[in-house]
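Worksheet: one structure, shown below.
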Amino acid sequence: MADAPEKEHPVEAYGYAARDSSGHLSPFKFSRRATGEKDVAFNITHCGICHSDLHFIKNEWGIAAYPVVPGHELVGIVTEVGSKVTKYKVGDRVGVGCLVGSCRSCTNCADDLENYCPGLILTYGSKNVDGTRTYGGYSNFMVCDEHFVVRIPDSMPSDGAAPLLCAGVTVYSPLRYYGLDKPGMHLGVVGLGGLGHMAVKFGKAMGLKVTVISTSPGKKSEAMERLGADAFLVSHDPEQMQGAVGTLDGIIDTVSAAHSLLPLVRLAKTNGKVILVGVPEKPFELHSFGIIMGRKMVGGSSIGGLKETQEMINFAAEHNITADIEVIPVDYVNTAMDRLQKADVKYRFVIDIANTLKP
Ligand code: NAP
Ligand code: ZN
Ligand code: ZN
């Protein structure tokens, strides 16, 4: 029989875990490995709450193995480094996103696309090479191979930086890869949540014209005045949607729940690209006429590799971009999940781990 989570490894750790698909999070004791020669250990100060955490703890994707300690937007301060670590030293401010390991030998890994490695190890809900379960950032500290650690620039606050580790790179990567980063291009962002608001900020920093497509009319003034969006469409208003048909070069769809794709595809110009990053519970339906007429493309994208994650953070620092956040104590996390379910957050919850998580 496998050891209990608190006995698997030599170093005691604690955090919040879900025990079943109710998704309810409560205090949890476990353990982490001792700092290996290539490892960086750090005290987590902040961790963002991604909608993927919510999908996962409720087992909406059918892949959860409990207990789950969620959290893949970690920022903290290095406490120890292994003898072969070259990039970091004690006291550095670092981050970890969705990945803590990959095979390091496949073609994806060679191309800095660890995020597409068949052997990728996710920050939580995966297996370490020794067969033990990975536990995420709703916890006091982390140990991670330095390859999967990024540096947080000095100018960036830790709380506002945390969501860049997943939300930030998830929208930055497709903007670059699909060539939706040329000044003057017209970008649509569907769903103004954690990912969506980062897409608006990156799009504006790249010189794009940005239209938000949202189910929440109440988000309009903020989207335009605070985030700098150029236009705002309410997706359930047929007139507004009709008025924008064929106007967008690209669309980043960040919606977390079932919705229809055709109205979005119709907004794309000829040769336009609709890129899915949201992961609703149920599959999409789309008739081929929707995309063959106008030679359109529906693509996808999942987070980003480590090199691109660092590039994105450096780009964000240069352009003064951080997430718009609501900082919460860890014992508020279940309420935060309920609110996230209702799209009631502007635009990312970040847990103040350093000041509120106690053993
Ligand atoms: P979020 O903060 O909850 O934002 C999702 C937004 O979608 C909401 O704010 C809402 O925006 C819109 N929405 C919600 N329910 C909707 C519905 N029924 N119909 C239409 N729109 C709806 O979530 P997030 O953290 O940004 O994550 C978004 C999705 O991306 C999740 O599915 C998550 O798992 C996935 N994700 C994927 C990757 C990847 O690598 N591809 C990485 C991270 C997250 P409005 O109020 O503006 O309509
Ligand atoms: Zn995420
Ligand atoms: Zn690989």
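The values are calculated or read from the model by the stated rules, or taken from the named source; none is laboratory data. Because the structure is a prediction, the values reported are computed rather than measured. Every residue, glycine among them, receives a Cβ derived from its backbone with ideal geometry; neighbour counts consider all protein chains shown. Just the protein is used for accessible areas: all its heavy atoms, side chains included, with ligands, DNA and RNA removed. Shrake-Rupley method; radii C 1.70, N 1.55, O 1.52, S 1.80 Å.
Taken together, Leu192, Leu264 contain a single residue that is under 23 Å from Ser52 (Cα atoms), touching a Lys or Arg at 6+ places or on another chain (Cβ under 7 Å) and among the aliphatic types (A, V, I, L, M), which is Leu192. Scanning the range 118-153 for residues that are touching a helix residue (DSSP H, G or I) at 6+ places or on another chain (Cβ under 7 Å) and within 16 Å of ligand 3 (Cβ to nearest atom) turns up Leu120, His147, Phe148.
Only a single item in (1) crowded, with 18+ Cβ neighbours inside 10 Å; (2) of a type in the set (D, E, K, R); (3) over 26 Å from the mean Cα position of the chain (by Cα) is not met by Arg32, and it is number (3). With a requirement of 1 or more residues that are of a type in the set (Ser, Thr, Tyr) and more than 12 Å from ligand 1 (Cβ to nearest atom), the helices (runs of 4 or more DSSP H) lying completely within the range 122-223 that satisfy it span 158-161, 167-177. Candidates Tyr66, Tyr88, Tyr14: the one that is within 27 Å of Val277 (Cα to Cα) and either out of contact with any His (no Cβ under 6 Å at 6 or more places or on another chain) or open to solvent by 50 Å² or more (accessible area, probe 1.4 Å) (or both) is Tyr66. Those helices (runs of 4 or more DSSP H) of the range 262-351 in which at least 1 residues are over 20 Å from Phe202 (Cβ atoms) and open to solvent by less than 10 Å² (accessible area, probe 1.4 Å), considering only elements entirely within it, cover 262-265, 333-341. Against the definition (open to solvent by 50 Å² or more (accessible area, probe 1.4 Å), touching a strand residue (DSSP E or B) at 6+ places or on another chain (Cβ under 9 Å) and not assigned by TED's automatic domain parsing to the domain that holds Ile325), how does Met241 come out, yes or no? So Met241 fails the test. Among the residues of the range 195-231, those identified as of a type in the set (A, V, I, L, M, F, W, C) and surrounded by fewer than 22 Cβ atoms within 10 Å (Cβ to Cβ) are Ala205, Met206, Met224, Ala231.
Name the single residue that is nearest to the chain's Cα centre (by Cα) among those in the range 105-123 being farther than 17 Å from Tyr177 by Cβ, within 16 Å of ligand 2 (Cβ to nearest atom) and open to solvent by less than 40 Å² (accessible area, probe 1.4 Å). Within the range 105-123, the match that is nearest to the chain's Cα centre (by Cα) is Thr123. Of the strands (runs of 3 or more DSSP E) lying entirely inside the range 1-83, not one is found with 3 or more residues being within 16 Å of ligand 3 (Cβ to nearest atom) and of a type in the set (Asp, Glu).
Among the candidates Asn115, Asn108, single out the residue that is touching a helix residue (DSSP H, G or I) at 6+ places or on another chain (Cβ under 6 Å) and outside any loop (DSSP other than H, G, I, E, B). Step by step, each of Asn115, Asn108 is checked, and only Asn108 is touching a helix residue (DSSP H, G or I) at 6+ places or on another chain (Cβ under 6 Å) and outside any loop (DSSP other than H, G, I, E, B).
The single condition among (1) open to solvent by 20 Å² or more (accessible area, probe 1.4 Å); (2) away from ligand 2 (no atom under 14 Å from the Cβ); (3) in contact (Cβ under 8 Å) with a residue 40 or more places away in the chain that Leu192 does not satisfy is (1). The residue that is farthest from Gly250 (Cα to Cα), counting only those in the range 270-294 that are touching a residue at least 60 places away in the same chain (Cβ under 8 Å) and not aliphatic (A, V, I, L, M), is Glu281. Checked against (1) open to solvent by less than 60 Å² (accessible area, probe 1.4 Å); (2) in contact with a Gly (Cβ under 9 Å, 6 or more places away or on another chain), Ser26 passes all but a single condition, namely (2).
Screening Ser102 against (1) open to solvent by less than 60 Å² (accessible area, probe 1.4 Å); (2) more than 16 Å from ligand 1 (Cβ to nearest atom); (3) among the small types (Gly, Ala, Ser); (4) closer than 17 Å to Asp39 by Cα leaves a single unmet condition, (2).
For (1) more than 23 Å from Ile252 (Cα to Cα); (2) hydroxyl-bearing (Ser, Thr, Tyr); (3) within 15 Å of ligand 2 (Cβ to nearest atom); (4) within 16 Å of the chain's Cα centre (by Cα), each residue gets a yes or a no:
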{"site": "Thr309", "(1), (2), (3), (4)": "no, yes, yes, yes"}
{"site": "Ala316", "(1), (2), (3), (4)": "no, no, no, yes"}
{"site": "Val327", "(1), (2), (3), (4)": "yes, no, no, no"}
{"site": "Val333", "(1), (2), (3), (4)": "yes, no, no, no"}
{"site": "Val345", "(1), (2), (3), (4)": "no, no, yes, yes"}
{"site": "Phe349", "(1), (2), (3), (4)": "no, no, yes, yes"}
